[in-house]
1. Could you please give the count of residues in the range 92-110 that are part of a helix (DSSP H, G or I) and surrounded by fewer than 17 Cβ atoms within 10 Å (Cβ to Cβ)?
2. Among the residues of the range 167-191, count how many are in a helix (DSSP H, G or I) and out of contact with any Ser or Thr (no Cβ under 8 Å at 6 or more places or on another chain).
3. For the range 222-244, which positions are farther than 15 Å from His160 by Cα and in a loop (DSSP other than H, G, I, E, B)?
4. Residue check: is Ser89 in a loop (DSSP other than H, G, I, E, B), more than 15 Å from the chain's Cα centre (by Cα) and on the phi < 0 side of the Ramachandran plot?
5. List the number of the failed condition for Val206; all other conditions in (1) surrounded by fewer than 18 Cβ atoms within 10 Å (Cβ to Cβ); (2) under 25 Å from Trp11 (Cα atoms); (3) among the hydrophobic types (A, V, I, L, M, F, W, C) hold.
6. Filter the range 32-83 down to residues that are surrounded by 21 or more Cβ atoms within 10 Å (Cβ to Cβ), closer than 22 Å to Thr107 by Cα and in contact with a helix residue (DSSP H, G or I) (Cβ under 7 Å, 6 or more places away or on another chain), then give me how many there are.
7. Condition test on Pro109, is it under 17 Å from the mean Cα position of the chain (by Cα), modelled with pLDDT under 95 and not basic (Lys, Arg)?
8. May I ask you to say which residue of Ile124, Ile76, Ile68 is among the aliphatic types (A, V, I, L, M), out of contact with any His (no Cβ under 6 Å at 6 or more places or on another chain) and over 28 Å from Thr45 (Cβ atoms)?
Amino acid sequence: MNNISILGSGWLGFPLAQVLSEEFSVKLSTSTNEKIDRLRGENITPFIVDTTNLNDEVDKFLCSDILIINIPSKNIDGFKELIKHILNSNIKKIVFISSISVLKDETSPLIEIENLFKKTNLKITILRFGGLIGYGRNPAKFFPNGKVVKDANIPVNMIHRDDCISIIGNVIKQDIFDETFNCAAPSHPTKKEFYTYCAKVSGLPVPTFDSGKNESNKKIVKNDLLVSKLNYKFIHDDLMKIVF
């Protein structure tokens, strides 16, 4: 049985650990003591890991077969130090959670971080997730107090947390490594369509929209490789049917 370490226990990391712990031995990093008892109760081994000051504890945490990196940090030097620890560990395979933002911003530090991992001799699959939604992340709440939604006619590239967890699980179970997948739901309503829908189904005020004149960002993220390589079927394929 594969042992899995998950770096990052936030909105995605903790429920991911809960799901994977049903089939694997899972370690989960946390930066505070508050979650330790709960994690142990979930049959998850907790580790206090400070990614800004790596020490011997991270080496114990890395005593696994697979590492899932799910932290929002874009600290390139911090990742260089983490990679040194990984290369001296038992880790042989990595799932690195990235973002589709790299497709629009060629100067994003995430691109350099992705490349740092690709240059190692480890098997790594990079998952570039779209905008994360579900379980408290309701786009209708992104624009409070009458804040205007700009570029209202630009299509959205979103993905529900259920699909994020399912995709990660499929990568591990199918042993699909040395790949980079763009991960977004197959439906792409405009910002105006989607945020209006989110507000109405949640009983929240509909935001104000500004169509603007910016057409350059009308990029629809294709998930073709993900679907074909993993034979993946989205749990939430239609964004206009999601219930928040």
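The values are calculated or read from the model by the stated rules, or taken from the named source; none is laboratory data. Just so it is clear, the structure is predicted and the values come from calculations on it, not from any experiment. No Cβ is skipped: glycine too gets one built from the backbone with ideal geometry, and neighbour counts run over all protein chains shown.
1. Residues of the range 92-110 that are part of a helix (DSSP H, G or I), as a first pass: 100-103, 109-110.
Checking the rest, the ones that are also surrounded by fewer than 17 Cβ atoms within 10 Å (Cβ to Cβ) come to 101, 103, 109.
Residues flagged as part of a helix (DSSP H, G or I) and surrounded by fewer than 17 Cβ atoms within 10 Å (Cβ to Cβ) within the range 92-110 amount to 3.
2. The total comes to 8.
3. Across the range 222-244, the qualifying residues are Lys222, Asn231.
4. Values: in a loop (DSSP other than H, G, I, E, B): yes; more than 15 Å from the chain's Cα centre (by Cα): yes; on the phi < 0 side of the Ramachandran plot: yes.
For Ser89, the condition - in a loop (DSSP other than H, G, I, E, B), more than 15 Å from the chain's Cα centre (by Cα) and on the phi < 0 side of the Ramachandran plot - is met.
5. It fails just one condition, (2).
6. 2
7. Against the criterion (under 17 Å from the mean Cα position of the chain (by Cα), modelled with pLDDT under 95 and not basic (Lys, Arg)), Pro109 does not qualify.
8. Ile76
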